[in-house]
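What follows is a set of notes on a single structure, which appears directly below.
The values are calculated or read from the model by the stated rules, or taken from the named source; none is laboratory data. Remember, it's a predicted structure, so these values are computed and weren't measured experimentally. All Cβ positions, even for glycine, are placed from backbone atoms using ideal geometry, and neighbour counts span all protein chains on display. These accessible areas exclude ligands, DNA and RNA; they are computed on the full protein's heavy atoms, side chains included. Shrake-Rupley method; radii C 1.70, N 1.55, O 1.52, S 1.80 Å.
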Amino acid sequence: MVDVERVMKALADQGVTVLFKADAERMRDGVRPWTFVANGAPFHEDMLVRTDAASVEACLKICLPQLRDRGLVIPE
(Lines give C-alpha, C1' and ligand atoms only; values in the text may rest on other atoms or scores of the structure.)
Protein backbone atom coordinates (compact mmCIF):
# COMPACT_ATOMS: atom_id res chain seq x y z
CA MET A 1 0.00 0.00 0.00
CA VAL A 2 1.26 3.46 -0.89
CA ASP A 3 2.07 5.87 1.93
CA VAL A 4 0.01 8.76 0.53
CA GLU A 5 1.41 11.37 2.92
CA ARG A 6 5.00 10.40 2.04
CA VAL A 7 4.25 10.55 -1.70
CA MET A 8 2.51 13.94 -1.42
CA LYS A 9 5.45 15.34 0.57
CA ALA A 10 7.95 14.04 -2.00
CA LEU A 11 5.95 15.68 -4.80
CA ALA A 12 5.61 18.97 -2.91
CA ASP A 13 9.36 18.98 -2.22
CA GLN A 14 9.86 18.87 -6.01
CA GLY A 15 7.54 21.82 -6.64
CA VAL A 16 4.40 19.87 -7.53
CA THR A 17 0.99 20.97 -6.29
CA VAL A 18 -1.38 18.03 -5.73
CA LEU A 19 -5.14 18.10 -5.29
CA PHE A 20 -7.29 15.15 -4.24
CA LYS A 21 -11.01 15.68 -4.49
CA ALA A 22 -13.94 13.50 -3.44
CA ASP A 23 -17.12 14.40 -5.33
CA ALA A 24 -20.24 13.67 -3.26
CA GLU A 25 -22.56 13.46 -6.26
CA ARG A 26 -20.32 11.03 -8.13
CA MET A 27 -19.87 9.03 -4.91
CA ARG A 28 -23.65 8.66 -4.58
CA ASP A 29 -23.85 7.61 -8.24
CA GLY A 30 -20.94 5.16 -7.85
CA VAL A 31 -19.03 6.84 -10.68
CA ARG A 32 -15.29 7.42 -10.05
CA PRO A 33 -15.74 9.92 -7.22
CA TRP A 34 -12.04 10.62 -6.63
CA THR A 35 -10.04 13.12 -8.68
CA PHE A 36 -6.26 13.54 -8.60
CA VAL A 37 -4.60 16.56 -10.19
CA ALA A 38 -0.88 17.38 -10.13
CA ASN A 39 0.77 20.43 -11.67
CA GLY A 40 3.43 22.95 -10.84
CA ALA A 41 7.03 23.95 -11.40
CA PRO A 42 8.37 20.68 -12.89
CA PHE A 43 5.79 20.77 -15.69
CA HIS A 44 5.48 23.03 -18.70
CA GLU A 45 2.92 25.84 -18.40
CA ASP A 46 -0.34 24.02 -19.11
CA MET A 47 0.82 20.47 -18.43
CA LEU A 48 -0.76 18.50 -15.63
CA VAL A 49 -1.41 14.94 -14.61
CA ARG A 50 -5.07 14.20 -13.85
CA THR A 51 -7.40 11.28 -13.43
CA ASP A 52 -10.78 10.33 -11.98
CA ALA A 53 -10.96 6.94 -10.28
CA ALA A 54 -12.88 4.79 -7.82
CA SER A 55 -10.40 5.31 -4.95
CA VAL A 56 -7.37 7.30 -3.84
CA GLU A 57 -5.25 4.19 -4.42
CA ALA A 58 -6.59 3.82 -7.96
CA CYS A 59 -5.75 7.47 -8.68
CA LEU A 60 -2.19 6.91 -7.50
CA LYS A 61 -1.84 3.67 -9.48
CA ILE A 62 -2.72 5.59 -12.64
CA CYS A 63 -0.85 8.85 -11.97
CA LEU A 64 2.36 7.89 -10.19
CA PRO A 65 3.84 6.11 -13.23
CA GLN A 66 3.05 9.19 -15.34
CA LEU A 67 4.80 11.41 -12.82
CA ARG A 68 7.82 9.09 -12.72
CA ASP A 69 7.93 9.15 -16.54
CA ARG A 70 8.24 12.94 -16.30
CA GLY A 71 11.33 12.56 -14.13
CA LEU A 72 9.90 13.00 -10.66
CA VAL A 73 11.30 10.93 -7.81
CA ILE A 74 8.49 9.22 -5.90
CA PRO A 75 8.99 6.77 -3.03
CA GLU A 76 7.62 3.26 -3.43
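Placing +1 on each Lys and Arg Cβ and -1 on each Asp and Glu Cβ, with no other charges, gives the chain a dipole about its Cα centre of roughly 80 debye.
Loop-located GluC sites (Glu not before Pro) across segment 1-75 with a Cβ neighbour count of 16 or fewer within 10 Å are 45, with loop assigned by DSSP. The largest accessible area among 7, 31, 56 belongs to the first residue in 31, 56, 7, and the rest follow in falling order (1.4 Å probe, all chains).
Would you work out what percent of the accessible area of the chain, with all protein chains in place, is carbon or sulfur (probe 1.4 Å)?
52
What the Cβ-Cβ distance of residue 25 and residue 48 gives, at R0 = 25 Å and to the nearest 0.05, is a FRET efficiency of 0.65. Using a Gaussian network model of the chain with C-alpha springs under 10 Å, which one of 38, 24, 58 is most mobile by mean-square fluctuation? Fluctuation is largest for 24. Rg/Rh for the chain (Cα atoms only, Rh after Kirkwood) is 0.98. Using the 1.4 Å probe convention, the accessible area of the chain works out to 66 Å² per residue with neighbouring protein chains retained.
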